[in-house]
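The values are calculated or read from the model by the stated rules, or taken from the named source; none is laboratory data. All values reported here derive from a predicted model rather than from experimental measurement. Every residue, glycine among them, receives a Cβ derived from its backbone with ideal geometry; neighbour counts consider all protein chains shown. Accessible surface areas use protein heavy atoms only, side chains included; no ligands, DNA or RNA. Shrake-Rupley method; radii C 1.70, N 1.55, O 1.52, S 1.80 Å.
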Amino acid sequence: MNIKILCDSMCDIPEEILKKDFLEMIPLTININGKEYKDGIDFTKVEFYNILESNETLPKTSQVTYIQFKEAFEKYVNEGYDVICLTGSSKTSGTYQSATMAKNDVDGNIYIFDTLFLSLGSGQYVIKACELVEESNLSASEIVDELENIRESVNLFFVPFTLNYLKESGRLPSVVSFVGNMLNIKPICTMEDGKNKIVTKVRGSRQVASKLVDMILEANGNDLESKIITIGYGSNESDFEKLKEEVAKRIKAKKIFITRGGSCICAHTGPEILAVSSSN
């Protein structure tokens, strides 16, 4: 079965998954000081963290375009592939709509899947799709059905370590950001119905790692042995070491992946972030 998996760069996935020859990531565009860059192509994640920390102007992200998708779909359909395209949440970006429009203008077996997540949450679906391509004889349409079947199992919790970026991007009122930063409050966020939602808060950085593990365990009934876990971070490597320690002590899972927050996410949360996600 010739199947090509496409995803957009709102999906944060581990390097070992990204390297698979049947997977391609289509980049969003990042605008920095009036100049456009392709996410993950014109700079690495670490280089982008440095840009964020040294730049006074907040970068802006632009969705993957109709043309980008159409060219990719035509290329792989003409090469004899069935195409599965996974996108970041349609509730936060127009990328899903761009993919759907392009699909309608290309003849071939093309399936568009709205993950209704971002970052590590979207990444869980990409990991699962790749697993199914490699370990099953399912058709492209059957793989999409399996992705629908795991929706209830996908969880994501993430913590931005500063509220300044959420304030600048209009996702948090200025007064909330000011008070939160002053009191060293860290919001623990998830995604619900495709949109970001703050579910709880912790005071100070020291509690973040253990709270993230508490929450992913609770969301899975304290049983993760059959689950795929992904843990992620940005520029804050020392905070991530604490999360790795907590995960190693408290979580037994089918597989544990590690990745770093991409440009599309960190442009809105800032470069210091911790996250954990799970799925069947």
> Under a Cβ-Cβ cut-off of 15 Å, what is the net charge of the residues other than G40 that fall near it, where Lys and Arg count +1 and Asp and Glu count -1?
Replying inline: -4
>> Take T57 and I198, extend 7 Å from each Cα along the Cα→Cβ direction, and tell me the distance between the two endpoints in nm.
In response: 2.9
> How long is the gain from R250 to N137 if the chain were fully straight, where each residue apart is worth 0.36 nm and the alpha carbon distance is subtracted?
Replying inline: 37.2 nm
> Summing +1 for each Lys or Arg and -1 for each Asp or Glu, what net charge is found among the other residues whose Cβ lies under 13 Å from the Cβ of L23?
Replying inline: -3
> Taking only C-alpha pairs under 8 Å that are 6+ residues apart, what is the relative contact order of the chain in percent?
Replying inline: 22
>> Using 18 Å as the Cα-Cα cut-off, could you pick out the over-long pairs in K227/K255; K70/K103; K211/K249; K35/K75; K4/K70?
In response: K35/K75
> If ligands, DNA and RNA are left out, what is the accessible area of K186 with a 1.4 Å probe, given in Å² to the nearest 10?
Replying inline: 20
>> As a test of reading the structure, rank V64, V46 by solvent-accessible area (1.4 Å probe, protein chains only), most first.
In response: V46, V64
>> I'd like the accessible area for S9: 1.4 Å probe, protein heavy atoms, all chains in place, Å² to the nearest 10.
In response: 10
>> Test of understanding: in a Gaussian network model of the chain with alpha carbons linked when under 10 Å, which of F73, F117, F22 would top the mean-square fluctuation ranking?
In response: F22
> Sorted by accessible area with a 1.4 angstrom probe, largest first, how do E131, E16 fall?
Replying inline: E16, E131
>> I'd like to verify something in the chain: which complete DSSP H helices, judged by Cα projection on the helix axis, reach 15 Å or more and average at least -1.0 on the Kyte-Doolittle scale?
In response: 66-78, 119-135, 208-219
>> For the stretch 3-151, what does the accessible surface come to per residue with a 1.4 Å probe? Please give it in Å².
In response: 44
> Under a plain spin-label model, where a point goes 7 Å from the Cα along Cα-to-Cβ, how far apart in nm are Q97 and N31?
Replying inline: 1.7
> If the viscosity is 0.890 mPa s and the temperature 25 °C, what translational diffusion coefficient in µm²/s does Stokes-Einstein give for the chain when Rh comes from Kirkwood over Cα pairs?
Replying inline: 128
> For the modelled label position 7 Å from the Cα of E146 along Cα-to-Cβ, which residues of the stretch 68-111 have backbone nitrogen atoms closer than 20 Å?
Replying inline: 81-87, 109-111
>> Rounded to the nearest 5, what % of DSSP beta bridges with both residues in the chain are antiparallel?
In response: 55
>> I'd like the accessible area for F157: 1.4 Å probe, protein heavy atoms, all chains in place, Å² to the nearest 10.
In response: 20
> Which percent of the accessible area of the chain is formed by carbon and sulfur heavy atoms (probe 1.4 angstrom)?
Replying inline: 45
> Which net charge results for the neighbourhood of C264, defined as the other residues with beta-carbon distances under 11 angstrom from its beta-carbon, given Lys and Arg at +1 and Asp and Glu at -1?
Replying inline: -1
